[in-house]
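Worksheet: the structure to be examined is printed underneath.
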Amino acid sequence: MIEMDPHPDFTAPLLEWYDANKRDLPWRKNTDPYRIWVSEIMLQQTRVDTVIPYYERFMEKFPTLDALAEAPEDEVLKSWEGLGYYSRARHLHMAVKEVKERYGSRVPDNREEIMSLKGVGPYTAGAILSIAYGKPEPAVDGNVMRVLSRFYLITEDIAKPGTRLLMEKLVRKMMPEGRAGDFNQALMELGALICTPKSPHCLICPVMSNCRGRLEGMELSLPVKKKAKPPRPVQRLVAFVEGEDEHEGKFLIRRRPDEGLLAKMWELPHYEIQPDTMATSQLGEQLLKEDGIYANIGEWILNEEHTFSHLHWEMHVYRCRGRMVSERTLSSDRYRWITVDDMQDYAFPNVFIRIIQNIHHRDT
DNA sequence: GACGCGTGGCC
DNA sequence: TGGCCAAGCGT
């Protein structure tokens, strides 16, 4: 026996609701695969309202895949400044260059090739294939898992990789003919607007009447998700090193390593310290000297806390007078003397922008 | 499978 | 106020 539509009371009302309620978002103007791609990367773990201005600027600066492929990496990183998860920008840039060279600037339209691109995983691949190419591929993100875990009362931990596979199977079975992109987006839109994590708006939900989670009063305890480990606290001594003589009016910045946390971003020099040794100027001067920076630690300026997903920095910022920086250090090209105005040429994590602007404010 | 990887908004 | 969360991916 052939099942015509195993989910008639979900798919149809959902699509109808989506048609009437979908938001007017900049990446919904057309289905250019490159535009969809950029939007999906930016939207990873990031809110729509945060992404919109970044997306607008990014598409203005890099309107086509070729434009992005030909841009210097530092410019791409600068366009991502403040958005977080900066490896997304570097991976997107790498992947776009790959598409330009290997596929003649045409974004692949099959799972194998598109998944081989840096930064494109199962979700993003499904999103591009369905939205840009109309292929019946699932695009299962956090929204989709929340919606489906509630509707079908699925109690698997959504933090486990296997759960996503289960959801993808479900979506494949539910996928309506000819409307793959709309269906995937409708699932996410429902999760974003109605089936929200904390206080779902069940009374106006288009599929309320068949939602098992709701019917059994479980909507607030779904989805099941294992708690993340708390960020590890670390103390850092931050050196605001002001130049003398020919570097008068400038301060010293440093480029981070090519891999890892905030890779390739610029920052103020800072060093891990033990809680009980902080504020000892001798230790600070020793740490700076190991980097080839000869400076005196001066007055304490401010403390700043910053929490990453896995780290919590407690930053103690000190004013320093930079007598000189060793030739080896400067020639490494990872250190620069700059003014506040020069910051427009360098990509900084937000935490350092805050610190520098704060210092600049109190100095002027 | 577990961890590393940013940031800001929300209640 | 702080813990939680948001259109995940790489290793």
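The values are calculated or read from the model by the stated rules, or taken from the named source; none is laboratory data. Note that the coordinates shown come from a computational prediction; the quantities given were computed from them, not determined experimentally. No Cβ is skipped: glycine too gets one built from the backbone with ideal geometry, and neighbour counts run over all protein chains shown.
Every residue, every condition in (1) without any contact (Cβ under 8 Å) to a residue 24 or more places away in the chain; (2) crowded, with 18+ Cβ neighbours inside 10 Å; (3) within 12 Å of DNA strand C (Cβ to nearest atom); (4) not in a helix (DSSP H, G or I), yes or no:
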residue	(1), (2), (3), (4)
A:MET94	no, no, yes, no
A:VAL107	no, yes, no, yes
A:ILE114	yes, yes, yes, no
A:THR124	no, yes, yes, no
A:LYS135	no, no, no, yes
A:LEU153	no, no, no, yes
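Here is a yes/no grid of residues against (1) in a helix (DSSP H, G or I); (2) among the charged types (D, E, K, R):
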residue: A:LEU148; (1), (2): yes, no
residue: A:ALA186; (1), (2): yes, no
residue: A:THR196; (1), (2): no, no
residue: A:GLY217; (1), (2): no, no
residue: A:VAL224; (1), (2): no, no
residue: A:LYS227; (1), (2): no, yes
*Of all residues in the stretch A:274-324, which are among the hydroxyl-bearing types (Ser, Thr, Tyr) and outside any loop (DSSP other than H, G, I, E, B)?*
A:THR277, A:SER281, A:TYR294, A:THR307, A:TYR318
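Test A:MET94 against the stated conditions and say whether it is at pLDDT 95 or above and either within 16 Å of DNA strand B (Cβ to nearest atom) or polar (S, T, N, Q) (or both).
So A:MET94 passes the test.
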*Identify all residues within the stretch A:231-282 that are within 16 Å of DNA strand C (Cβ to nearest atom), surrounded by fewer than 18 Cβ atoms within 10 Å (Cβ to Cβ) and of a type in the set (Lys, Arg); write none if there are none.*
A:ARG232
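With respect to A:GLU81, determine if the residue is more than 13 Å from DNA strand C (Cβ to nearest atom), surrounded by fewer than 21 Cβ atoms within 10 Å (Cβ to Cβ) and within 17 Å of the chain's Cα centre (by Cα).
On the way: more than 13 Å from DNA strand C (Cβ to nearest atom): yes; surrounded by fewer than 21 Cβ atoms within 10 Å (Cβ to Cβ): yes; within 17 Å of the chain's Cα centre (by Cα): yes.
Yes.
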_The one condition in (1) surrounded by fewer than 17 Cβ atoms within 10 Å (Cβ to Cβ); (2) under 20 Å from the mean Cα position of the chain (by Cα) that A:ALA12 fails to fulfil_ = (2)
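So which of A:PRO53, A:PRO6, A:PRO13 is of a type outside the set (S, T, N, Q) and at pLDDT below 95?
Working: A:PRO53 fails: at pLDDT below 95; A:PRO13 fails: at pLDDT below 95.
Residue meeting the stated conditions: A:PRO6.
Quick grid of which residues meet (1) more than 25 Å from A:LEU77 (Cα to Cα); (2) under 29 Å from the mean Cα position of the chain (by Cα); (3) within 16 Å of DNA strand B (Cβ to nearest atom):
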{"residue": "A:CYS195", "(1), (2), (3)": "yes, yes, yes"}
{"residue": "A:MET208", "(1), (2), (3)": "yes, no, no"}
{"residue": "A:TRP266", "(1), (2), (3)": "no, yes, yes"}
{"residue": "A:GLN274", "(1), (2), (3)": "yes, no, no"}
{"residue": "A:GLN286", "(1), (2), (3)": "yes, no, no"}
_Criterion violated by A:TYR271 - all others in (1) outside any strand (DSSP E or B); (2) at pLDDT below 95 satisfied_ = (1)
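Are any residues in the stretch A:27-52 of a type outside the set (Asp, Glu) and within 11 Å of DNA strand B (Cβ to nearest atom), and if so, which ones? Step through it out loud before you land on a result.
Of the residues in the stretch A:27-52, the ones of a type outside the set (Asp, Glu) are A:27-31, A:33-39, A:41-48, A:50-52.
Once the filter is applied, which keeps residues that are of a type outside the set (Asp, Glu) and within 11 Å of DNA strand B (Cβ to nearest atom), the stretch A:27-52 yields A:MET42, A:LEU43, A:GLN44, A:GLN45, A:THR46, A:ARG47, A:VAL48, A:THR50, A:VAL51.
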